[in-house]
Amino acid sequence: MQPLRSAVASAVVMTACAIALAPTAAQADEGPAAKGDMSFSVIDAKSAIPRTGTFQLRDLARYGVEQKAVNRLAEGRTSGAADSAEKAAPAAPAAPAAPDPAYSIVGEWKDKDGWDTTMRQGKWPGGDYGFGLTKVDQKHNLSLAAVKATTKYPRPTGGKKQQGGTSYIYVTDVLHVKCSGWWIFRTCRVVEVKAVDAVVNFRVLRDNKPFGVVTAYCENTPGRCPDWVRQAINI
């Protein structure tokens, strides 16, 4: 009987260990999205994500990416929801003193230093002319959410500089990342980096709001930014 009891006890211990070590359904999706190759983009808010070599997907939280964004990636969801959400949302009503619809405010937020920042509807007649969301979107393929993130999370060093007068330029880095493997243990590497610049003029207009975003664009990229820039997981 003693050998039988020992065998049963060992089996119970091994089963308990297996249960403790196995990820629960809430922790890991066993479906196809939780394994295999994937690519995504992410704003490197702390300039901490390695540009060379490899890292695990779970390390992104240690490099300053919000845990909820890492969780979405682990589930196979590779783009942020802000871009699609803002397309569905109605534009904010124009300020009473706005001289024309181009000056209507479509977004307001605080920048990294708590400064009131605005995005106006703007216009883009072509070339280097224009301002606001219309120019940012139609000429440079960037969204309100992408510009907002650039002003809130610029590079830790030199990411916000006075351009002249009341105008400031913000710079942040968006990384294109490819991973392979399973769940949060995927092995990842950075395959491309785009520096995004946003120019904001804080001159106050008749509606008592700053002029706001003049333009935003990808450095060393004529015309439109790649789609993956505006789809960063943490925008």
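Could you check, for the range 177-191, whether at least one of its residues is crowded, with 18+ Cβ neighbours inside 10 Å and more than 28 Å from Gly76 (Cβ to Cβ)? Walk me through how you get there before you give the answer.
Filtering the range 177-191 for residues crowded, with 18+ Cβ neighbours inside 10 Å gives 177, 179, 183-184, 186, 188, 190.
From what's left, more than 28 Å from Gly76 (Cβ to Cβ): none.
No.
Taken residue by residue, the range 139-157 has at least one member that is over 22 Å from Arg77 (Cβ atoms) and exposed (fewer than 15 other Cβ atoms within 10 Å of the Cβ).
Does Val177 satisfy being assigned to a strand (DSSP E or B), within 16 Å of the chain's Cα centre (by Cα) and over 19 Å from Asn201 (Cβ atoms)?
Details: assigned to a strand (DSSP E or B): yes; within 16 Å of the chain's Cα centre (by Cα): yes; over 19 Å from Asn201 (Cβ atoms): yes.
Yes, satisfied.
Checking every residue in the range 75-97 against the condition of being surrounded by fewer than 13 Cβ atoms within 10 Å (Cβ to Cβ), in contact with a helix residue (DSSP H, G or I) (Cβ under 7 Å, 6 or more places away or on another chain) and either more than 20 Å from Arg203 (Cβ to Cβ) or modelled with pLDDT of 95 or more (or both) gives zero matches.
Just a yes or no: is a residue in the range 184-201 in a loop (DSSP other than H, G, I, E, B), in contact with a Ser or Thr (Cβ under 7 Å, 6 or more places away or on another chain) and without any contact (Cβ under 8 Å) to a residue 24 or more places away in the chain?
No: the range 184-201 contains no residue that is in a loop (DSSP other than H, G, I, E, B), in contact with a Ser or Thr (Cβ under 7 Å, 6 or more places away or on another chain) and without any contact (Cβ under 8 Å) to a residue 24 or more places away in the chain.
Among the residues of the range 130-171, those identified as within 15 Å of Arg230 (Cβ to Cβ) and of a type in the set (Gly, Ala, Ser) are Ser143, Ala145, Ala146, Ala149.
Screening the candidates Ala7, Ala45, Ala28 for the property of being modelled with pLDDT under 85 and not in a helix (DSSP H, G or I) yields one hit, Ala28. crowded, with 18+ Cβ neighbours inside 10 Å, under 30 Å from Phe211 (Cβ atoms) and either modelled with pLDDT under 95 or not β-branched (Val, Ile, Thr) (or both), is that true of Gly107? The answer is yes for Gly107.
In the condition set (1) outside any strand (DSSP E or B); (2) under 19 Å from Val136 (Cα atoms), Pro156 is compliant with all but (2). State whether the residues of the range 144-153 include one that is at pLDDT 95 or above, of a type outside the set (S, T, N, Q) and under 19 Å from Asp128 (Cβ atoms). Yes; the residues of the range 144-153 include at least one that is at pLDDT 95 or above, of a type outside the set (S, T, N, Q) and under 19 Å from Asp128 (Cβ atoms). Residues in the range 145-174 that are β-branched (Val, Ile, Thr) and touching a strand residue (DSSP E or B) at 6+ places or on another chain (Cβ under 9 Å): Val147, Thr150, Thr151, Thr166, Ile169, Val171, Thr172, Val174.
Which one of the conditions (1) over 17 Å from Ser41 (Cα atoms); (2) surrounded by fewer than 20 Cβ atoms within 10 Å (Cβ to Cβ); (3) in contact (Cβ under 8 Å) with a residue 24 or more places away in the chain does Gly164 fail to meet, given that it meets all the rest? Every listed condition holds for Gly164 apart from (3).
The values are calculated or read from the model by the stated rules, or taken from the named source; none is laboratory data. Predicted model only: the values in this text are computed from it and were never measured. Positions of Cβ are backbone-derived with ideal geometry, glycine not excepted, and every protein chain shown enters the neighbour counts.
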